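The values are calculated or read from the model by the stated rules, or taken from the named source; none is laboratory data. Being a predicted model, the structure only gives us computed values, none of them experimental. Reconstructed Cβ throughout: ideal geometry from the backbone, glycine too, with neighbour counts over all protein chains shown.
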Amino acid sequence: MTPNHEQEHEPYAGMGSRPLKITLSLVVTVMLAEFIGGLVSNSLALIGDAGHMLVDALALSLSLFALHLANRPSTLTRTFGYHRVEIMAALANGTVLVLVAAFVFYEAIQRFDKPPEIKAPIMLAVAGVGLMANLSGIFLLRRGRNSSLNIRGAFWHVLADTISSAGVIVAGIIIILTGWTRTDPIVAMVIGVIILWGAIRLVRDSVDILMEAVPKNIKVENVVYDIKLVPGVKDVHDIHIWTITSGIVALSAHLIIDDQMVSVSVAVRDNVNQMLAEKYQITHTTLQLECSRYETCPAGVVCQLARPDQANNHHD
């Protein structure tokens with residue numbers, strides 16, 4: 001087997017912990033202000049937004065923790081290092097988001113029947129402060145959102161909070177102008193939908209990575225086709241593509257080549273690695289070179305994982 005680990009990756013490449021720490025401080029401060037303001041003004045929308053910001057604070061804290069662990073070197077017992085910590089953190093964030101959305105829905109339904117008196121001016125003022133803080137968080141996290149699932153989750157949380165704060169402001173204005181307090185639970189339910197949508201996306205993406213699914217931006221058949229175009233490669237089988245963590249995609253495959261000198265075979269492997277890195281940004285590869293194909297793998301077909309009985313046949 002010939003592994004290729006020429007490039008070392010960090011899941012939070014290009015983004016240090018400072019933006020996360022500043023954003024976390026802003027989120028915690030505004031969260032406390034919105035929670036207290038929600039209790040004083042009796043606004044569920046404001047309390048719901050504070051609950052969303054609590055999840056944001058958790059997401060940012062987990063992101064910082066994951067950043068610390070992910071940068072630790074690999075060991076003999078954890079040969080991939082601690083990169084998967086960010087995926088586990090993202091999954092935890094998504095799960096908590098689902099619970100927060102369920103709570104907001106439940107409380108909103110209760111308030112439709114008995115809408116309480118709401119102090120809209122306080123609600124409006126606190127939501128305005130929250131909006132400014134959220135806009136600052138978006139600015140701080142915008143650069144790292146494309147390089148990490150966890151940072152993208154945190155960025156999305158803050159973006160959703162910005163929308164939520166804007167919704168609370170709209171609700172406050174409507175209540176001041178019309179006195180219709182049912183606007184508050186309606187906005188709260190909209191916030192709940194936003195939270196739930198983000199939660200489902202986070203959970204889905206995290207589970208896909210933990211299940212070692214093929215990244216969404218890569219099609220296996222296209223990769224096989226391009227590998228076969230590399231001079232010296234006759235066929236490909238037993239190919240697997242998965243994500244170790246954000247920004248680190250791994251590939252393993254068996255390449256059928258001519259029976260030739262090792263030096264020539266190494267050149268074929270290097271050309272395949274170069275193509276994978278340039279076209280698919282796959283730089284973590286393990287390629288096994290073979291000069292014949294097992295009979296269980298029909299020519300031109302990408303083999304599925306061998307069943308136990310097939311695996312035994314290979315050694316007969």
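Here are a few things to note about the model shown:
- Test: residue 241 is under 20 Å from the mean Cα position of the chain (by Cα), of a type in the set (Val, Ile, Thr) and outside any helix (DSSP H, G or I): yes
- Odd one out for residue 180 among (1) buried (at least 16 other Cβ atoms within 10 Å of the Cβ); (2) closer than 30 Å to residue 111 by Cβ; (3) of a type in the set (Phe, Trp, Tyr): (1)
- Of the residues making up the range 288-300, one or more are at pLDDT below 65, of a type in the set (Gly, Ala, Ser), assigned by TED's automatic domain parsing to the domain that holds residue 228 and not in a helix (DSSP H, G or I).
- Residue in the range 11-35 that is modelled with the highest pLDDT, counting only those that are surrounded by fewer than 18 Cβ atoms within 10 Å (Cβ to Cβ) and not in a helix (DSSP H, G or I): 17
- Hey, residue 129 modelled with pLDDT under 80 and either within 22 Å of residue 57 (Cβ to Cβ) or surrounded by fewer than 20 Cβ atoms within 10 Å (Cβ to Cβ) (or both) or not: no
- Test: residue 276 is at pLDDT 95 or above, within 33 Å of the chain's Cα centre (by Cα), outside the structural domain of residue 84 (by TED's automatic domain parsing) and in a strand (DSSP E or B): no
- Of the helices (runs of 4 or more DSSP H) that lie entirely inside the range 119-238, those containing 1 or more residues that are closer than 30 Å to residue 264 by Cα and free of Cβ contacts under 8 Å to residues at least 24 places away in the same chain span 220-229.
- Cβ separations smaller than 8 Å between residues 6+ apart or across chains give the following pairs from the range 64-93 residues that are touching a residue at least 40 places away in the same chain (Cβ under 8 Å) to residues that are surrounded by 12 or more Cβ atoms within 10 Å (Cβ to Cβ) and of a type in the set (Asp, Glu): 66/86; 67/86; 70/10; 70/86; 71/10; 90/205.
- Verdict on residue 103 being in contact (Cβ under 8 Å) with a residue 24 or more places away in the chain, over 21 Å from residue 193 (Cα atoms) and surrounded by fewer than 16 Cβ atoms within 10 Å (Cβ to Cβ): no
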